[in-house]
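Novice: Dropping a structure here in structure tokens format, bear with me for questions.
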Amino acid sequence: MKLIVIGVGQCGGRIADEFARVQARAMEFRRLEIILDTFAVNTDAADMASIRSIRNDYQHKILAGAGKTRGHGVAKISEMGAEIIRDDSDKIIDAMRSTSSFYESDAFLVVAGTAGGTGGGGTPVICQELKKRFDKPVYSMLVLPFEHEENTEERTIYNSALCLKATSSVADAVFLVDNQRYVRKDYSLKGNISGINRLVTEPFLNPLSAGEEKRKGNIGARLLDAGDIIQTLEGWSAISNGVIKIPFIPMPWDYGSNFRKKGGSVQRGLEAMDQALSEMSIDFNPNEAYNALFLISAPHRELSMELVKELGDHLRNYASQAIIRNGDYPRNKASIDITVMLSKIASVPRVTQIYNKASALPEVQQRRTADKKTKADLTEEAGRDVPSLI
Ligand SMILES: Nc1nc2c(ncn2[C@@H]2O[C@H](COP(=O)(O)OP(=O)(O)OP(=O)(O)O)[C@@H](O)[C@H]2O)c(=O)[nH]1
Ligand SMILES: [Mg+2]
């Protein structure tokens, strides 16, 4: 499957940059084109300076609203982000369209942090414009804020709610990434944003590659292609992978009867799938996921009908309601890598929480303004007897 990736705002731009590196690896080690082109769109010129792998020209690093913001961003005002991107949408799409591979893709992926003004406001607009102009699926990857940002930055929840609601109403599917979840799992990721970006882009490598392979030895018995992925993706979605090394020194159960030999690879496959399931990019109730897909990437000798069946059963136990698709991708590496996508997820508690908090905001803000006013009045009252200079 071939994607065009568009990052909006700083977070989106950095993740799109990481996707450009995923493509570089696909080319270097597999001679495959899976991400045909990557773009960064921003209202802030400085935000784009740290982008290293996206091509350094105005058609790939696209500055929007320069006349309005003079390249200094929209300071978290997502209504302004949306307006600027809408006003400049012809310019943005024309810049992308002028690159050679724009038309060859199977789908678009628009990435951003929901809390940002440019990314949060601009992403739904770009998704809508792409949907309007091209007959291809438009997917989005939205990064939800760290918990501490909710307390320090008033706009965090409000921008996130607006972005989630608008993007989900226009995009075909939305991959959710909860920044806080990564910190909870591995504290070393606190402040290590590029570590999170690597973790969220990595799972795309194998599912995008599997259907593009030309080498006979790398083509699966059940090939996973763009059609399977497009059929799976709908609504709120999550993706993850798990990797288990295959021992160079065989374990005792790798000897003996064929059944026992396969037992070792089934065990490793289940372990890799458990790892993937426990490291999903967002928390949700798996019984509310209605589409699922898994891809086994492993050496030929590890792949068997039994492994596919056991993994299918395992995923069925996890996501009891889901239609499950699967594929295998023979790879000459000493590891078994299971990618899992869950989609059409009906209930995501973190999104509900953001919507609820945002709905309560006008009330909280009114109370805060009233509080501020009373406090200001009290101070004034205390200074009543101090003589005035002017
Ligand atoms: N995972 C991840 N999150 C990021 C990254 N950069 C920023 N964020 C998160 O994205 C949100 C802020 O969005 P930004 O992308 O900085 O904002 P922007 O879209 O540039 O918008 P403005 O600066 O307001 O114009 C916060 O919740 C950050 O925690 C990143 O590289 N990776
Ligand atoms: Mg910014």
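Novice: How large, in Å, is the chain by the Kirkwood hydrodynamic radius built from its alpha-carbon pairs? All intermediate terms of the calculation are to be shown ahead of the outcome.
Specialist: Numbers: mean 1/r = 0.0447 Å⁻¹.
For the chain, the Kirkwood estimate is 22.4 Å.
Novice: Given a cut-off of under 8 Å on Cα pairs at least six residues apart, what relative contact order in percent is computed for segment 3-171?
Specialist: On the way: 370 pairs, mean separation 41.4, N = 169.
Normalised by residue count, the contact order of segment 3-171 is 25 percent.
Novice: Return 93, 85 ranked ascending by Cβ neighbour count within 10 Å, so the fewest neighbours appear first. The partial results should precede the final answer.
Specialist: Working: 93 18, 85 28.
Going from least to most buried by this count: 93, 85.
Novice: Still on this structure, please answer the following. For the chain, what is the mean residue ellipticity at 222 nm derived from helices alone (per DSSP H run of n ≥ 4: -39500 (n - 2.57); sum divided by total residues; nearest 500 deg cm²/dmol)? Numbers along the way, then the final one.
Specialist: Details: 14 runs with 182 residues, N = 390.
For the chain, the value works out to -15000 deg cm²/dmol.
Novice: Among 169, 72, 140, whose Cα projects farthest towards the positive end of the dipole of segment 3-171, with charges put on the beta-carbon of Lys, Arg (+1) and Asp, Glu (-1)?
Specialist: Final value for the positive-end residue is 140.
Novice: Separate question: Step through the residues of segment 88-102 one at a time and calculate ³J(HN,Hα) from phi using the Karplus curve (6.51 cos²θ - 1.76 cosθ + 1.60, θ = phi - 60°), rounding each to whole Hz and writing x for Gly and Pro.
Specialist: 9, 4, 5, 4, 5, 5, 4, 4, 5, 5, 6, 7, 5, 9, 3
Novice: Only counting other Cβ atoms within 10 Å, I'd like 74, 386 sorted with the fewest neighbours first. Numbers along the way, then the final one.
Specialist: On the way: 74 27, 386 7.
If I rank by nearby Cβ atoms, fewest first, I get 386, 74.
Novice: Further question on the same structure: Over the chain, what is the mean sequence separation of C-alpha contacts under 8 Å (at least six apart), divided by residue count, expressed as relative contact order in percent? Before the final figure, lay out the partial values.
Specialist: Numbers: 803 pairs, mean separation 56.0, N = 390.
Across the chain, relative contact order equals 14 percent.
Novice: Quick check on the chain: of the DSSP beta bridges with both residues there, what percent are antiparallel, nearest 5%?
Specialist: On the way: 17 of 54 bridges.
Expressed as a percentage, antiparallel bridges in the chain total about 30.
Novice: A further question on this structure: Charges only on Cβ, +1 for Lys and Arg, -1 for Asp and Glu: so what's the dipole of the chain about the Cα centre, in debye to the nearest 20?
Specialist: Values: 50 positive and 50 negative charges, 183 e Å.
It works out to roughly 880 debye.
Novice: Using θ = phi - 60° and the Karplus curve 6.51 cos²θ - 1.76 cosθ + 1.60, what whole-Hz ³J(HN,Hα) does each residue of segment 80-85 get, with Gly and Pro shown as x?
Specialist: Residue by residue, segment 80-85 yields 6, x, 5, 5, 5, 5 Hz.
Novice: May I ask what percent, to the nearest 5, of DSSP beta bridges between residues of segment 239-345 are antiparallel? Working shown, then result.
Specialist: Values: 15 of 23 bridges.
Once the DSSP bridges in segment 239-345 are tallied, antiparallel ones form about 65 percent.
Novice: Too long at a 22 Å Cα-Cα cut-off: which of 61/344; 91/136; 214/344? Intermediate values should be presented prior to the final figure.
Specialist: Working: 61/344 32 Å; 91/136 20 Å; 214/344 31 Å.
Beyond 22 Å between Cα atoms: 61/344; 214/344.
Novice: In addition: Enumerate the aspartates and glutamates that residue 357 could reach by cross-link, defined here as Cα to Cα under 19 Å, with residues fewer than 8 away along the same chain left out.
Specialist: Straight-distance partners of residue 357: 79, 147, 149, 150, 153, 154, 178, 283.
Novice: Give me 89, 297, 343, 169 sorted ascending by neighbouring Cβ count inside 10 Å, so fewest comes first.
Specialist: Values: 89 19, 297 28, 343 25, 169 10.
Sorted ascending by nearby Cβ count, the order is 169, 89, 343, 297.
Novice: Which angle between 0 and 90 degrees, to the nearest 10, do you get for helix 9-30 versus the longest principal axis of the chain when only C-alpha atoms count?
Specialist: 20 degrees
Novice: Once phi is turned into ³J(HN,Hα) by the Karplus curve 6.51 cos²θ - 1.76 cosθ + 1.60 with θ = phi - 60°, what whole-Hz value does each residue of segment 65-76 show in order, with x for glycine and proline?
Specialist: x, 4, x, 8, 9, 6, x, 10, x, 10, 6, 6
Novice: While we're looking at this one, here's another question. In degrees from 0 to 90, rounded to the nearest 10, what is the angle of the helix 258-278 Cα long axis to the longest principal axis of the chain?
Specialist: Orientation of helix 258-278: about 0 degrees from the principal axis.
Only the coordinates and a few stated rules stand behind these numbers; no lab work does. From a predicted model like this one, the values you see are computed outputs, not experimental measurements. Backbone-built Cβ (ideal geometry, glycine too); neighbour counts: all protein chains shown.
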